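These notes are about the structure you will find just below.
The values are calculated or read from the model by the stated rules, or taken from the named source; none is laboratory data. Keep in mind that this is a model prediction, so the values were computed, not measured. All Cβ positions, even for glycine, are placed from backbone atoms using ideal geometry, and neighbour counts span all protein chains on display. SASA here: full protein model, heavy atoms, side chains in, ligands and nucleic acids out. Shrake-Rupley method; radii C 1.70, N 1.55, O 1.52, S 1.80 Å.
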Amino acid sequence: MGIKIDALKCTGCMACEMACGYHRDDGFALLSSCIVAYRTREKKDYFGVLLKREEDLLIARPEGTEIRRLGETEEEADSGKEQDASAKPMLLREACDLCEEMEIGPMCVKFCPVNAITEE
Amino acid sequence: MDYLSADKVLIVDLGTSEVTEDDLSEDLVAEKIGGAAIAKQLCEEHADGNPIVISTGLLTGTLFPATAASFITAVSPVTGKISHCPVTLKVGLEIQYSGFDYIVLKGASETPVFLWVHDGIADVTDAADVWGKDVWDTTESWRKTMGDDLIQTLVIGKAGEDGSDIAQVCCNYWASGDRFGFGKLFGAKKLKGLAFRGMGLLEAADAPEFVELSLDVLEEIKESGLAGTHGIGDLMAAAGHPEAKDWLAPIVHRHSACYNTPYATNTFVFLDADPKQIEETDNPEPGFLVTDMGALLGFHKIGLSAAEACQCLKACARYGIDGAAAAELSLAAGKSTASEIQESLLGLSGKATVAGAGTFSPWCPVQPLFDAAEEAGGDPSAWWERRMAVSYIFGIHPIFAAMCPEITEEDLLEVAGIGTEIEFAPETLDKAIAGLTG
Ligand code: SF4
Ligand code: SF4
């Protein structure tokens with residue numbers, strides 16, 4: 001089982017990020033979420049979702065999904081490329097565990113109001 | 001106040017740059033619940049300093065649907081009484097997590113300043129380098145100086161600095177719900193704005209139950225008539241202007257939502273790039289995020305093309321001008337072209353119409369939207385005032401509150417009780433609303 005993200009459906013609402021933060025911290029916080037709505041290119045209206053997994057970073061862009069090995073992402077983030085500015089803080093966070101201990105299932109899937117995240 | 005709160009009220013004396021902190025009293029929350037109701041009380045307590053109060057709703061920034069809103073409360077230069085406007089997008093959320101539930105800004109500074117609020121710390125900071133800059137350049141400058149692109153701002157432009165009647169406090173780069181000339185008040189206090197960033201944690205007394213109830217309400221919303229609707233276009237159609245939806249459609253890029261809000265109330269239009277392009281554009285400023293339906297309709301009424309109307313909105317946002325007031329005053333002055341309008345924006349003066357009772361911002365259309373019409377019954381004005389009061393107390397996105405009967409007062413009271421361990425009775429809400437609207 002995994003998580004599939006359709007970034008074109010996404011409205012950038014951050015509910016998934018807060019839902020994951022709740023799963024991590026048992027309160028409302030964004031610091032530990034392993035899924036984030038990336039939103040640093042506000043004036044360009046370019047947004048999507050990043051998901052940290054065990055081995056890689058899934059970048060759900062409007063034009064399609066990209067998968068980066070964590071090492072590769074780290075090097076690029078360190079080089080200061082704008083492209084991956086949102087990715088760097090993700091490297092320190094725990095990877096998605098599919099909310100295995102949560103009774104209601106994957107929190108981000110449940111709380112996405114537009115069903116942009118689904119289980120596959 | 002242990003739960004759903006940073007337990008801090010910040011008092012800033014702009015005259016001396018002194019910053020003090022109080023705890024948030026649980027008794028006050030038990031009596032007034034939160035948001036604008038408590039902000040009004042703080043405004044009255046500090047009346048001698050002609051304060052501006054920034055507040056979060058009791059549920060702002062939680063997993064309960066549409067908890068995107070924080071608020072600005074002050075004696076409005078437009079209405080002459082205490083009025084309240086919402087702060088949405090991700091700015092309302094960031095206020096909540098930056099470490100204070102309420103911020104009271106009293107007095108006036110002699111030199112330009114801004115308040116930098118981050119992780120429970122607040123500093124009155126020199127703003128001489130951005131005084132004279134427009135809203136966009138100021139937000140850009142603060143993000144660059146502090147090295148964080150996710151800093152959220154409340155900021156004024158030239159209009160507020162110059163004391164324009166129609167000056168508006170903007171959110172980051174975009175129009176806000178400020179129809180009350182709070183931008184003029186910021187300018188008079190030499191307050192260029194506030195910048196927020198925070199990584200706080202909000203605890204709920206019974207978090208699993210809070211989350212379960214939030215999810216039940218969200219699921220109801222997902223099955224409601226709102227499913228599949230989005231953006232300013234559908235909003236305009238729901239408000240009785242279907243032709244404006246078609247007029248806007250060719251330049252629409254994408255729709256986006258304020259924090260945790262199930263309906264995307266914002267629409268980005270591309271003015272200098274192909275709206276159909278979904279890859280990231282090379283143009284650093286391809287267009288504009290339309291956050292204010294009333295302002296857009298105002299320019300539509302003048303007879304501009306959608307692109308011209310959005311260019312005017314962009315100019316308003318850069319200057320920090322209330323677009324709806326600008327459209328109304330431009331029409332009254334006989335301005336009919338986009339260039340004439342943009343050239344005269346900074347010289348506009350006068351009072352625009354404020355629909356409603358002047359307590360809550362008519363940035364949220366003063367009517368029920370979509371399926372809420374049935375709930376509003378025979379007295380939509382009274383329904384709207386109460387609906388706004390409820391959303392301004394709990395921190396619900398006001399436009400979403402006006403379209404979503406699935407968010408009931410009963411749910412809000414229940415989830416607030418679960419989250420705080422305070423028992424909120426319907427009579428408590430009635431009293432808080434009466435205090436707010438009376
Ligand atoms: S499935 Fe759970 S752990 Fe994984 S991203 Fe979603 S909320 Fe986070
Ligand atoms: S919850 Fe859904 S719509 Fe909101 S940011 Fe996450 S993926 Fe996008």
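Suppose we keep only residues that are outside any strand (DSSP E or B) and touching a Ser or Thr at 6+ places or on another chain (Cβ under 8 Å) within the range A:24-37. Which one would you say is nearest to ligand 1 (Cβ to nearest atom)?
It comes out as A:24.
Kindly establish whether residue A:40 is more than 10 Å from ligand 1 (Cβ to nearest atom), free of Cβ contacts under 8 Å to residues at least 60 places away in the same chain and hydroxyl-bearing (Ser, Thr, Tyr). Give the derivation first.
Values: more than 10 Å from ligand 1 (Cβ to nearest atom): yes; free of Cβ contacts under 8 Å to residues at least 60 places away in the same chain: yes; hydroxyl-bearing (Ser, Thr, Tyr): yes.
So residue A:40 passes the test.
How many of the residues making up the range B:289-323 are assigned to a loop (DSSP other than H, G, I, E, B) and surrounded by fewer than 24 Cβ atoms within 10 Å (Cβ to Cβ)?
3
Only one of A:108, A:96 is more than 12 Å from every other protein chain (Cβ to nearest Cβ), at pLDDT 90 or above and within 11 Å of ligand 1 (Cβ to nearest atom). Can you tell me which? Walk me through it before giving the result.
Values: A:108 fails: more than 12 Å from every other protein chain (Cβ to nearest Cβ).
Sole residue among the options that is more than 12 Å from every other protein chain (Cβ to nearest Cβ), at pLDDT 90 or above and within 11 Å of ligand 1 (Cβ to nearest atom): A:96.
For (1) modelled with pLDDT under 95; (2) within 30 Å of residue B:393 (Cα to Cα), each residue gets a yes or a no:
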position: B:266; (1), (2): no, yes
position: B:300; (1), (2): no, no
position: B:325; (1), (2): no, yes
position: B:349; (1), (2): yes, no
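Filter the range B:227-243 down to the residues that are open to solvent by 20 Å² or more (accessible area, probe 1.4 Å) and not hydrophobic (A, V, I, L, M, F, W, C), then identify the one that is nearest to the other protein chains (Cβ to nearest Cβ).
Residue satisfying both the conditions and the ranking: B:230.
Could you grab me the full set of residues in the range B:186-226 that are out of contact with any helix residue (DSSP H, G or I) (no Cβ under 6 Å at 6 or more places or on another chain), small (Gly, Ala, Ser), surrounded by 23 or more Cβ atoms within 10 Å (Cβ to Cβ) and within 11 Å of chain A (Cβ to nearest Cβ)?
B:214 - this is the single residue of the range B:186-226 that is out of contact with any helix residue (DSSP H, G or I) (no Cβ under 6 Å at 6 or more places or on another chain), small (Gly, Ala, Ser), surrounded by 23 or more Cβ atoms within 10 Å (Cβ to Cβ) and within 11 Å of chain A (Cβ to nearest Cβ).
Looking at (1) in contact (Cβ under 8 Å) with a residue 60 or more places away in the chain; (2) out of contact with any strand residue (DSSP E or B) (no Cβ under 8 Å at 6 or more places or on another chain), which is the one condition that is false for residue B:368?
Among (1) in contact (Cβ under 8 Å) with a residue 60 or more places away in the chain; (2) out of contact with any strand residue (DSSP E or B) (no Cβ under 8 Å at 6 or more places or on another chain), the lone unmet condition for residue B:368 is (1).
Looking only at residues that are open to solvent by 30 Å² or more (accessible area, probe 1.4 Å) and closer than 21 Å to residue A:100 by Cα in the range A:43-55, which one is farthest from ligand 1 (Cβ to nearest atom)?
Of all residues in the range A:43-55, those open to solvent by 30 Å² or more (accessible area, probe 1.4 Å) come to A:44, A:53-55.
Now restrict to residues that are closer than 21 Å to residue A:100 by Cα: A:53-55.
On the way: A:53: 8, A:54: 11, A:55: 14 Å.
The selected residue is A:55.
Please find, among B:157, B:147, the residue that is among the small types (Gly, Ala, Ser), open to solvent by 20 Å² or more (accessible area, probe 1.4 Å) and either within 14 Å of another protein chain (Cβ to nearest Cβ) or in contact with a Cys (Cβ under 9 Å, 6 or more places away or on another chain) (or both). Walk me through how you get there before you give the answer.
Working: B:157 fails: open to solvent by 20 Å² or more (accessible area, probe 1.4 Å).
When all the criteria are applied, what remains is B:147.
Only one residue in A:40, A:65 is within 7 Å of chain B (Cβ to nearest Cβ), open to solvent by 20 Å² or more (accessible area, probe 1.4 Å) and outside any loop (DSSP other than H, G, I, E, B), so which one is that?
From the options A:40, A:65, the qualifying one is A:40.
Among B:192, B:276, which is assigned to a loop (DSSP other than H, G, I, E, B) and either more than 23 Å from residue A:60 (Cβ to Cβ) or of a type in the set (Lys, Arg) (or both)?
Answer to the selection: B:276.
Is one or more of the residues making up the range A:73-80 in contact with a strand residue (DSSP E or B) (Cβ under 6 Å, 6 or more places away or on another chain) and either at pLDDT below 95 or within 14 Å of chain B (Cβ to nearest Cβ) (or both)? Walk me through how you get there before you give the answer.
Restricting attention to the range A:73-80, the residues satisfying the condition of being in contact with a strand residue (DSSP E or B) (Cβ under 6 Å, 6 or more places away or on another chain) are A:73.
With the extra rule that they be either at pLDDT below 95 or within 14 Å of chain B (Cβ to nearest Cβ) (or both), the set shrinks to A:73.
Scanning the range A:73-80, I find at least one residue that is in contact with a strand residue (DSSP E or B) (Cβ under 6 Å, 6 or more places away or on another chain) and either at pLDDT below 95 or within 14 Å of chain B (Cβ to nearest Cβ) (or both), so the answer is yes.
Taking the conditions exactly as written (surrounded by fewer than 24 Cβ atoms within 10 Å (Cβ to Cβ) and more than 30 Å from residue B:435 (Cβ to Cβ)), does residue B:106 satisfy them or not?
When the stated conditions are applied, residue B:106 does not pass them.
Can we say residue B:246 is surrounded by fewer than 18 Cβ atoms within 10 Å (Cβ to Cβ), farther than 19 Å from residue B:338 by Cβ and away from chain A (no Cβ under 11 Å)? Show your work before the answer.
Numbers: surrounded by fewer than 18 Cβ atoms within 10 Å (Cβ to Cβ): yes; farther than 19 Å from residue B:338 by Cβ: yes; away from chain A (no Cβ under 11 Å): yes.
When the stated conditions are applied, residue B:246 passes them.
Could you please find all residues in the range A:21-35 being hydrophobic (A, V, I, L, M, F, W, C) and more than 10 Å from chain B (Cβ to nearest Cβ)?
Of everything in the range A:21-35, those that are hydrophobic (A, V, I, L, M, F, W, C) and more than 10 Å from chain B (Cβ to nearest Cβ) turn out to be A:34, A:35.
Determine which member of the set B:349, B:381, B:339, B:391 is assigned to a helix (DSSP H, G or I), open to solvent by 20 Å² or more (accessible area, probe 1.4 Å) and within 30 Å of residue B:192 (Cα to Cα).
B:339
Residues that are within 14 Å of chain A (Cβ to nearest Cβ) and either out of contact with any helix residue (DSSP H, G or I) (no Cβ under 6 Å at 6 or more places or on another chain) or surrounded by fewer than 24 Cβ atoms within 10 Å (Cβ to Cβ) (or both): does the range B:58-75 have at least one?
yes
Could you run through the range B:325-336 and say how many residues are touching a residue at least 60 places away in the same chain (Cβ under 8 Å) and open to solvent by 20 Å² or more (accessible area, probe 1.4 Å)? Full working, then the answer.
Taking the range B:325-336 and keeping what is touching a residue at least 60 places away in the same chain (Cβ under 8 Å), we get B:325-326, B:329.
After this cut, where a residue has to be open to solvent by 20 Å² or more (accessible area, probe 1.4 Å) as well, the list is B:329.
Looking only at that region, the number is 1.
When you go through (1) over 11 Å from the mean Cα position of the chain (by Cα); (2) within 14 Å of ligand 1 (Cβ to nearest atom) one by one for residue A:9, which number turns out not to apply?
Just one mismatch for residue A:9, condition (2).
Which condition breaks for residue B:128 when tested against (1) open to solvent by 10 Å² or more (accessible area, probe 1.4 Å); (2) touching a residue at least 60 places away in the same chain (Cβ under 8 Å); (3) in a loop (DSSP other than H, G, I, E, B)?
All conditions pass for residue B:128, except number (2).
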